[in-house]
Amino acid sequence: MGGAILIAALAWGLVHPASPTTAAVVGKPAPEIEVRALDGASMVRLSDMRGRPVVLNFWASWCAPCRQEAPVLTQAARSLGSRVAFLGVDFSDSNRAARAYLAQARYPYPVGTAVDGIPAEYGITSPPVTYFIDRQGVVVAHFSGPLDLSSIERYLQLVGVR
């Protein structure tokens, strides 16, 4: 009996490989992601932001650390918005819950759901996760957990923002 379970588990693992870790994309071009605003009115592609450093943040309405970092991301986007692009991607939420959250968070940058899902290369299993992407579209760093302002500033230095 135990042998059959072991063989079944091994077979399942071969058919369902583990998701890549978030660090797997560091140093590589950022996988394309297209985000549709929750009202459906607009769409933004990550590649459209090339030429500016990008802060790509994955969040969810039910995520307490996401709520913790929301004012920090808002402050950073307002103060750096002319030099840095910000993009927020909802992770595993209902449209209603996400809209209610956004009404409170009031991000001053594009936020919505990934049109074709979140690319597996990002390895998102639990938000918040934030990627810092340079002007050429290469992922320079990632951070899992709630960001504070000094962390954002440190990571932005890695993508050339002073």
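Descriptive notes on the structure:
- Residue that is most open to solvent (accessible area, probe 1.4 Å), among those in the stretch 97-115 that are in a helix (DSSP H, G or I) and closer than 18 Å to Met43 by Cα: Arg99
- Look at (1) among the aliphatic types (A, V, I, L, M); (2) open to solvent by less than 10 Å² (accessible area, probe 1.4 Å); (3) in a loop (DSSP other than H, G, I, E, B) and you find that Ile118 fails only one, number (2).
- Top-ranked residue of the stretch 139-152 - restricted to ones that are surrounded by 15 or more Cβ atoms within 10 Å (Cβ to Cβ) and free of Cβ contacts under 8 Å to residues at least 24 places away in the same chain, ranked as nearest to Glu121 (Cα to Cα): Phe143
The values are calculated or read from the model by the stated rules, or taken from the named source; none is laboratory data. What you see is a predicted model, and the numbers here were worked out from it, not measured in a lab. Cβ atoms come from the backbone with ideal geometry, glycine included; neighbour counts cover every protein chain shown. Side chains included, ligands, DNA and RNA excluded: accessible areas come from the protein's heavy atoms. Shrake-Rupley method; radii C 1.70, N 1.55, O 1.52, S 1.80 Å.
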